[in-house]
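See structure below.
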Amino acid sequence: MTGHILAFSGGVGGAKLAAGLCAVLPPEQLTLVVNTGDDFEHLGLTICPDLDSVTYALAGLNDTVRGWGVADETWQAMAMLSQLGGPDWFNLGDRDLGLHLTRAMHLRARESLSQVTERLTGQLGIAHRIAPMSDDPVRTQVETDMGWLDFQHYFVREQCRPQVRGVRFAGADQARPSPGFAEALARADLAAVVVCPSNPWLSVDPILALPGVRDRLKTLCVPVIAVSPLVGGTALKGPLAKLMAELGKPVSNLALAAHYDGLLDHLVIDQADAADAALLRKSGLCATITQTVMREARDRERLASEILAIVGGVD
Ligand code: FO1
């Protein structure tokens, strides 16, 4: 496959495919654009959960059991914070805090989030380009039966229990795509856009909500290929299935593809959902059936290679 791949990723599920793409593509052929709608200010620090999930996965530092944060973590700072009566509903491990303190220092010195991300990923030995979707603050907020909640309050503090009625991305209309994102969108050699298996409503929509992004994707003559986060008609992890049901959607690949509203050319679905392929094809989409569950490095690399084969086939 020749040409450049632009991949969109949220946190945990997306980060696995992001790692697979990095394993099969040289750095100059890939730009990973990561959702920052989950970011928030907490304890005087800027927390960027999806950027950090991708960073830790690519650096081989991620905790695969917990699904977020750093492996071999310790929690001494949290224990002290808790004892001092600080807000302890959001867990920042000692190693993770090291990254957050470093990011805070550079942000305070007026580096952009893109510059800080490049610096931190470089220090961790990551050669591939990870770009935040924007350097401007965009904050996902969820309308629930408890009112509007900031994303991490909904996700972590309330454990996704509230019923969701809607989602908005505060600041998105004023935000610009980051320089790395804008550059990738404008590349003459762009070969495909890959949407990693992240939650379309919570992790991909914030990226698409940035001014100009949807329009640019619609005019691009390259395939937009998404990997479905649904497996066997439900989500492996996270609130996707619950959220789709609460928003009045059937929990299905067809509803997921319809949500992208004409943006997708191709949906990669799990073999457990093979029966969905016929309806997807009838709706005008290409559909590939494979194993999308990524337990080990070889699963991530195989799925990434299969996606590149789709891109190669379209060339
Ligand atoms: N998820 C939790 O369920 N509980 C936590 O306390 C928590 C802390 C945390 C700290 C840093 C970080 O990068 C991620 C963290 N996450 C935690 C995960 C995060 O809330 C979600 O994975 C994403 O926002 C959803 O993609």
Loop-resident sites, region 262-315, for GluC sites (Glu not before Pro), counting at most 14 other Cβ within 10 Å (DSSP): E296
Cα-centre dipole for the chain with unit charges at Cβ (Lys and Arg positive, Asp and Glu negative), debye to 20: 280 debye
Rounded to whole Hz, the Karplus (6.51, -1.76, 1.60) HN-Hα couplings of region 291-304, x for glycine and proline: 8, 9, 6, 10, 8, 10, 4, 5, 5, 5, 6, 5, 5, 4
Fraction of antiparallel bridges per DSSP, region 4-312 only, in percent to nearest 5: 40 percent
In nm, spacing of pseudo-spin labels at K237 and A59 (7 Å Cα→C-beta vector): 1.8 nm
Calculated [θ] (222 nm, deg cm²/dmol) that DSSP helices of n ≥ 4 give over the chain, each run adding -39,500 (n - 2.57): -10500 deg cm²/dmol
Region 173-315 - Kirkwood radius from inverse mean 1/r over Cα pairs (Å): 15.9 Å
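If R0 is 22 Å, what FRET efficiency do you get for S82 and H42 from their C-beta distance, rounded to 0.05?
Values: r = 14 Å, r/R0 = 0.65.
Efficiency for this residue pair is about 0.95.
Could you look at region 26-161 and say what percent of its accessible area is carbon and sulfur, using a 1.4 Å probe and all protein chains?
Values: 3270 of 6330 Å².
Reported share for carbon and sulfur atoms: 52 percent.
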Estimated FRET transfer efficiency when R0 is 35 angstrom, pair Q291-D145 (beta carbons, to 0.05): 0.40
Heavy-atom surface of the chain, accessible at 1.4 Å and reported per residue (Å²): 43 Å²
Trypsin sites (Lys or Arg not before Pro) restricted to DSSP loop in region 108-140 with at most 13 other C-beta within 10 Å: R110
Simple spin-label estimate for D72 and L101 in nanometres, 7 Å along Cα-Cβ: 1.9 nm
Cα gyration tensor of the chain - equivalent ellipsoid semi-axes, whole Å, descending: 29, 23, 19
Loop trypsin sites (Lys or Arg not before Pro), region 248-315 (other Cβ atoms within 10 Å of the site Cβ: 14 or fewer; DSSP): R295
HN-Hα J in Hz across region 16-21 - Karplus 6.51, -1.76, 1.60, θ = phi - 60°, x for Gly and Pro: 5, 5, 4, 5, x, 5
Estimated distance in nm for a label pair at R187 and R216, the labels positioned 7 Å out from Cα along Cα-to-Cβ: 1.2 nm
For region 4-312, with +1 on Lys and Arg beta carbons and -1 on Asp and Glu, the positive-most of T121, T55, L185 along the dipole: L185
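Take the Cβ-Cβ distance between A258 and F90 as r, set R0 to 35 Å, and report the resulting FRET efficiency rounded to the nearest 0.05. Walk me through the numbers before you get to the answer.
Numbers: r = 34 Å, r/R0 = 0.97.
Efficiency for this residue pair is about 0.55.
The values are calculated or read from the model by the stated rules, or taken from the named source; none is laboratory data. Model, not experiment: these values are computed from the prediction. Glycine also receives a Cβ, built like all others from the backbone with ideal geometry; neighbour counts cover every protein chain displayed. For accessibility, only protein heavy atoms count, side chains too; no ligands or nucleic acids. Shrake-Rupley method; radii C 1.70, N 1.55, O 1.52, S 1.80 Å.
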